[in-house]
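The structure under discussion appears below in the form of structure tokens.
The values are calculated or read from the model by the stated rules, or taken from the named source; none is laboratory data. Note that the coordinates shown come from a computational prediction; the quantities given were computed from them, not determined experimentally. As a convention, Cβ positions derive from the backbone with ideal geometry for all residues, glycine included, and neighbour counts pool all protein chains shown. What goes into the accessible areas is simple: the full protein's heavy atoms, side chains included, and nothing from ligands, DNA or RNA. Shrake-Rupley method; radii C 1.70, N 1.55, O 1.52, S 1.80 Å.
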Amino acid sequence: MGRLRKNTYYLRGFKRSFIFILIAAVLVGTASVLAWQQVTRRLSQDARESIVSAGRELAENFNYLLEAEFQILSSISVSLESPAVSAHTERLVSYLERQNRRNLFDLTGYQNPDGTAWFSNGKTLSWFLTPQEVQQVYKNGRYVSARRQDPFDQEDILVFAVPLKEGENAGVVFATHSAVFYRQTLTANLWQGNGIGIIMDKSGTIILSAPKSSFGNIFEMALDFVFDGGFSADKIQQDIAAGESGVSGYSLRGEHRFASYYPLKYNNWYAFAVLPTAFVAEKALGLMVMAWLICFAVIAVLVICIVFMLRMQHQNGRALYTMGFVDSLTNADNLNAFHFKYEGAVSAFKNQGVPYALAVVNINRFKAVNDIYGLEEGDKILKQVASALQSGLQEGELFCRSSADEFLLLLACPGRTELAARLEEASTRAGRFCREDGKCLPLSLTCGIYVVDEQVPFYIMVDRAKLALSSARQRAGAVYAFYDEEFRRRIVAEKNIESHMESALQNGEFKLYLQPKCNFKTGRIESAEALVRWDSGDKGLIAPDNFIPIFEKNGFILKLDWFMLKQTLALLKSWKEQGLRVVPIGINFSRLHLDDPSFVPELARLADEYGVEHHLLEAELTESVVFGNTAVMKRFVDDLHQNGFTVAMDDFGSGYSSLNVLKNLDFDCVKLDKEFLMREEGSARMRAIISGLVSMIKSLGGSIVAEGVETQEQAQFLQSIGCDLAQGYFFHKPLAAQDFARLLAPNQPDNKQ
Ligand code: C2E
Ligand code: CA
Ligand code: CA
């Protein structure tokens, strides 16, 4: 069960991290998709922009090329204007041949107004340029032909021409360049041959194309194109007719492309550039792959970080779990773990309809065990007790070491008798501890049990079990006690007393009562005992049995005893001052004073302060105080004697070692416990015991006060066996101080001086 819980604890961490990874993955995934869309859109736009600029560049390059050709032709024509050259055929041809070589034309020539054309290769043709073409040359000053065949080697060429003399019909100077030359030039700026460059005329007829040579009409071809959103072949035609440029995407036989067109300077020609989208997509794919790689790397780093974090968390979790939930000495659960598991265990009990109880188990006098046998042995005992208690657990029950020598158990409680028997058996088993040297220690355990019958917070349940434990401890020999309502009421009353005691002392609510100790025969008051009463106002007079045990537990008895002592001293002083008969008064002193070395000196100092002779004070010490403290007690009694106080042993016969105590200690007086008379009143056996005790005390030289004398019969018997004084209701009940004083007044028969 413990492991299961531990796993649940770790599992929570894993679940959290898993959710974290999931969220991170979704975020990174979404970001990647968005990035992909963005990149694609961006690239498509880039493709559009680059095709536009490609069309423009194509046009500008071609313009520039033609411009260069015309410049050269113009300079040739200027030279040919000289009649010396043009008039002599031989000179003309050699001049043309030189110019052709220098300018890298295919052919250079001059055609006179009659139509005779001389070529740089020495050949002559009639009307190489048709009369219409010549007219255009004259008209526009510059002319470039459509693609045609070289008259001598059938190669595709373009022909350029300028007039010999501007504004005159003096013939034309021309040159030719092969189409291949232009194709090479065009291809140079067409994305490493991935695009198509076309020079066409206004009617769409292809004049040049690169990188492959093709013929035909663009407008006709465009009828097969499937244009992107709203574009058409007609639109291109309209744009070109209007001399405008444009761009559009289209698909042809499943391939998507971008095309742009841009007007040229000459002949109303157009440059037409085409770029396959696949080429753009390839670039995009490259970029995308890179983006994905980056994403992947980011995710990988993220995963590595998380795995690292998880490992750390797991390790820390283990360490924390151990630190927070495991008792380092016994390796059992600690209180935190117990509390953590409590809800689950309880709901399981509830589901099964099984009543359950919280039990707290404590090792008795464990401090003494530690003091006597040492901490190491103490640790061994704790481990053994823990494992013995733990081994008795049944399915669904819990155990922990809650503090030093205290253990907490959540147990099924089919019935109080069964549970008590189980705990008794477990305590006996756990209490059997034998040392390595074979010596077995007398360990005993006490249990407090709270059968959970109410929905209260965990710590209150623990408190209740602990209260039951302290109640069990108060009953000598009890192994366990159950928490119940009566018990709770008592505790509440105790708490109530504790919360009022200080103020009661301040307000003078504690009153001094005196009970006379009388001569059996004459009834004369020989001495008295000071007894406290609590005049609580609303609850009336409270008897000391209701609060003295509580004050003994919380130490307040020390204050109360000093208060009572002072009251007594004041009373004795006032009697003396009033000239009353002064009788010794016995005062009850708690065992707690025994630990205070300044007690007797302080007592003496106070008596002196009030001017009270020491022999008038008798310290009453109960037999149980003496038990186990003989040496301390002896010193205490001797101290009192040395200071002139007398000492009485109170409640003699109620304890176990009365006779021993009597033997070892020097008491002036022994007070027979009233229980003797109450328990088996009048029985012959009891009478024999009492008379035996009395004669023995007598033989030791002490005086004897019989407590609890209630009848004449008892008085006669006690007197007959040699008791000195009687304290009991037969003679007097405890009396308020002023009532007692009245009994001491000189007019009372007993007090005649
Ligand atoms: P204790 O010292 O044994 O006092 C005698 C008790 O017996 C008193 O009870 C008294 O009222 C009662 N008693 C006397 N004669 C009779 C009788 O004939 N029949 C019966 N049934 N009882 C009789 P009390 O006053 O209730 O005191 C109870 C105990 O409280 C005392 O027992 C004493 O141990 C303690 N106590 C009282 N006052 C003080 C105090 O000032 N300081 C300390 N430390 N303890 C005190
Ligand atoms: Ca007493
Ligand atoms: Ca007594």
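Numbers for the structure displayed
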{"quantity": "Pairs of Lys in the range 335-483 closer than 16 Å at Cα, counting only those 8 or more apart or on different chains", "calculated": "4"}
{"quantity": "In degrees, nearest ten, helix 684-700 long axis to first principal axis of the chain (Cα)", "calculated": "80"}
{"quantity": "Mean accessible surface per residue for the chain, computed with a 1.4 Å probe while every protein chain stays in place, in Å²", "calculated": "51"}
{"quantity": "Sparse-neighbour loop sites [trypsin sites (Lys or Arg not before Pro); the range 510-586; at most 13 other C-beta within 10 Å; DSSP]", "calculated": "K521, K539"}
{"quantity": "Cβ-based net charge around P151, under 13 Å, with every Lys or Arg adding one and every Asp or Glu removing one", "calculated": "-3"}
{"quantity": "With at most 11 other Cβ atoms within 10 Å, longest stretch of the chain clear of loop chymotrypsin sites (Phe, Trp or Tyr not before Pro) (DSSP)", "calculated": "216-655"}
{"quantity": "Built amide H within the under 5 Å cut-off of N334, gap 5+", "calculated": "V326, D327"}
{"quantity": "Percent of C-alpha pairs per 5 Å bin, the range 81-181, short to long", "calculated": "2, 14, 26, 27, 21, 9, 2, 0"}
{"quantity": "Kirkwood-type radius of the range 503-746, with distances r between different C-alpha atoms, in Å", "calculated": "18.5"}
{"quantity": "Placed amide H near V452: partners under 5 Å, 5+ positions off or other chain", "calculated": "Y356, A357, L358"}
{"quantity": "Global form of the range 139-208, assessed from the alpha-carbon gyration tensor, a/c cut-off 1.5", "calculated": "prolate"}
{"quantity": "At most 16 other Cβ within 10 Å, DSSP loop - trypsin sites (Lys or Arg not before Pro), the range 164-249", "calculated": "K165, K202, K212"}
{"quantity": "The chain - Rg (one decimal) and Dmax (whole number), Cα, Å", "calculated": "62.7, 191"}
{"quantity": "Within straight-line cross-link reach of K123, lysines at Cα separation under 25 Å, skipping those fewer than 8 residues along the same chain", "calculated": "K165"}
{"quantity": "Two-decimal log10 I(q)/I(0) for the range 339-445, as the Debye equation yields it once each C-alpha is a single scatterer, q = 0.15, 0.17, 0.18, 0.22 Å⁻¹", "calculated": "-0.65, -0.79, -0.86, -1.15"}
{"quantity": "Cross-link partners of K634 among lysines (Cα-Cα below 23 Å; sequence separation of 8 or more within a chain)", "calculated": "K663, K671, K698"}
{"quantity": "Built amide H within the under 5 Å cut-off of T116, gap 5+", "calculated": "W127"}
{"quantity": "With all protein chains modelled, accessible area of L223 [1.4 Å, Å²]", "calculated": "130"}
{"quantity": "Accessible surface of the chain, 1.4 Å probe, proportion on carbon and sulfur as whole %", "calculated": "54"}
{"quantity": "Calculated SAXS-style log₁₀ I(q)/I(0) at q = 0.09, 0.13 Å⁻¹ - the range 158-308, Debye, Cα scatterers", "calculated": "-0.45, -0.72"}
{"quantity": "Integer Hz, Karplus 6.51/-1.76/1.60 couplings in order for the range 130-145, x for Gly and Pro", "calculated": "5, x, 5, 5, 4, 4, 5, 4, 4, 5, 8, x, 9, 9, 10, 7"}
{"quantity": "log₁₀ of I(q)/I(0) at q = 0.15, 0.19, 0.20, 0.26 Å⁻¹ - the range 304-389, Debye sum with one point per alpha carbon", "calculated": "-0.80, -0.98, -1.02, -1.21"}
{"quantity": "Estimated vicinal HN-Hα couplings, Hz - the range 50-61 in sequence order (Karplus 6.51, -1.76, 1.60; Gly, Pro = x)", "calculated": "6, 6, 5, 6, 5, x, 5, 4, 4, 5, 5, 4"}
{"quantity": "Calculated from backbone phi, Karplus (6.51, -1.76, 1.60) coupling profile of the range 342-349 in Hz, x at Gly/Pro", "calculated": "4, 4, x, 5, 5, 5, 5, 4"}
{"quantity": "Potential extension, D638-F152 segment - 0.36 nm per residue separation minus Cα distance", "calculated": "159.4 nm"}
